[in-house]
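Input: a single structure, listed below in structure tokens.
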Amino acid sequence: MNTDSENRDQLTTRVQRPSVTKPHDPLSSSVIPGSTPVSGFISGEVIQKRIPSSTLSTLCSVAILFAALFAGCQHGPPKERGQFKESDLVEVVKLDSTIHLDIRYATTNNFLHRPVYAQARAFLQRPAAEALVRAQKALKSQGYGVLLFDGYRPWSVTKIFWDSATDAERKIEFVANPRKGSRHNRGCAVDLSLIDLKTGLAVAMPSEYDEFTERAFPTYAGGAFEARALRDLLRKAMEAEGFTVYSAEWWHFDYKDWKQYHILNLPFEALGR
Ligand SMILES: [Zn+2]
């Protein structure tokens, strides 16, 4: 997956993923220091019957503050200031139909065990997509092709990941905080592996995708030599085209211009066919 902040757990052995079947809202347990809890009331009318107006005024102020915090943090992507390039998301397979897809977040084969994308499609900002196509061509000459797991990710999906995570997962930044967004939200991050063109099958890498163990590190020195060699082949091809690997995930790469694009929240369905 990625995250801007893709720090991971202690990475000595396979980490058992905690249950994520009980999503919760991070603000639901937040408390502003010195404030009066306001949960539980239904309407101003009800409160007026029970408490003095001065207390009501204080409660209303706190409620407005909570509402402002809620709106600012939870109801949309962060507001970003500065100069950004205009988004030009393109569907990768439209540039090169030989690129293979395994869009895990459109399936149950992901860390949430449920689909969060309605469509199994991969988009990137045009310069990043064109660079990926060049990497694909270079790999083809060596008998391999890229296998895409994820590209552009709408901000709303980053929020789903956050809402589904445990406090511990948030603390280690297993998921990106939607207040900051994920690099995938900008359309310049890509998660991918390799397929062997002779067999048409995904190659064995040192770890599985979204496996948060030390085996996921691009510098991991254990495991099979062949798997490490293929991991390094992918990295070399991507780095030659301006991508940088994330230090805790061999599969995650950021295109060099990622900071020049806004965090976006367009669903795939809005990006045309
Ligand atoms: Zn990623």
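Here's the yes/no breakdown for (1) more than 15 Å from the ligand (Cβ to nearest atom); (2) under 24 Å from Pro78 (Cβ atoms); (3) modelled with pLDDT under 95:
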| site | (1), (2), (3) |
| --- | --- |
| Ala120 | yes, no, no |
| Ala129 | yes, no, no |
| Leu139 | yes, no, no |
| Arg170 | yes, yes, yes |
| Ser182 | no, yes, yes |
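Note on the stretch 235-273: residues that are among the charged types (D, E, K, R), under 19 Å from the mean Cα position of the chain (by Cα) and surrounded by fewer than 19 Cβ atoms within 10 Å (Cβ to Cβ) total 4.
In the stretch 81-88 there is at least one residue matching the filter, namely being under 23 Å from Trp258 (Cβ atoms) and touching a Leu at 6+ places or on another chain (Cβ under 8 Å). Among the residues of the stretch 165-185, the ones that are crowded, with 19+ Cβ neighbours inside 10 Å and over 10 Å from the mean Cα position of the chain (by Cα) come to 2 in all.
Do we find that Ala120 is within 14 Å of Cys188 (Cβ to Cβ) and touching a strand residue (DSSP E or B) at 6+ places or on another chain (Cβ under 9 Å) in this structure? Even if it seems obvious, please write down each step before you answer.
Values: within 14 Å of Cys188 (Cβ to Cβ): no; touching a strand residue (DSSP E or B) at 6+ places or on another chain (Cβ under 9 Å): yes.
Taking the combined requirement at face value, the residue does not satisfy it.
Any residue that is touching a residue at least 12 places away in the same chain (Cβ under 8 Å), β-branched (Val, Ile, Thr) and within 15 Å of the ligand (Cβ to nearest atom) - is there at least one of those in the stretch 87-100?
Applying the first criterion (touching a residue at least 12 places away in the same chain (Cβ under 8 Å)) to the stretch 87-100 yields 87-93, 95-96, 98-100.
Still in the list and also β-branched (Val, Ile, Thr): 90, 92-93, 98-99.
Filter again for within 15 Å of the ligand (Cβ to nearest atom), leaving 92.
Yes: the stretch 87-100 contains one or more residues that are touching a residue at least 12 places away in the same chain (Cβ under 8 Å), β-branched (Val, Ile, Thr) and within 15 Å of the ligand (Cβ to nearest atom).
Would a scan of the stretch 221-228 turn up a residue that is within 30 Å of Arg126 (Cβ to Cβ) and either within 14 Å of the ligand (Cβ to nearest atom) or surrounded by 14 or more Cβ atoms within 10 Å (Cβ to Cβ) (or both)? No, there is no match, as no residue in the stretch 221-228 is within 30 Å of Arg126 (Cβ to Cβ) and either within 14 Å of the ligand (Cβ to nearest atom) or surrounded by 14 or more Cβ atoms within 10 Å (Cβ to Cβ) (or both). The conditions of being at pLDDT 95 or above and buried (at least 19 other Cβ atoms within 10 Å of the Cβ) are not met by Asp232.
Return yes when Leu147 is closer than 21 Å to Asp102 by Cα, surrounded by fewer than 23 Cβ atoms within 10 Å (Cβ to Cβ), of a type outside the set (D, E, K, R) and within 15 Å of the ligand (Cβ to nearest atom) and no when it is not. Taking the combined requirement at face value, the residue satisfies it. If only one of Asp163, Asp191, Asp196 is within 13 Å of the ligand (Cβ to nearest atom) and acidic (Asp, Glu), which one is it? The unique qualifying residue is Asp191. For the residues Tyr261, Tyr209, Tyr246, the requirement of being touching a strand residue (DSSP E or B) at 6+ places or on another chain (Cβ under 6 Å), in contact (Cβ under 8 Å) with a residue 60 or more places away in the chain and more than 15 Å from Asp150 (Cβ to Cβ) singles out Tyr261.
The values are calculated or read from the model by the stated rules, or taken from the named source; none is laboratory data. In this text, all values refer to a predicted model and were calculated from it rather than measured experimentally. A quick note on method: Cβ atoms are made from the backbone with ideal geometry, for glycine too, and the neighbour counts reach across all protein chains shown.
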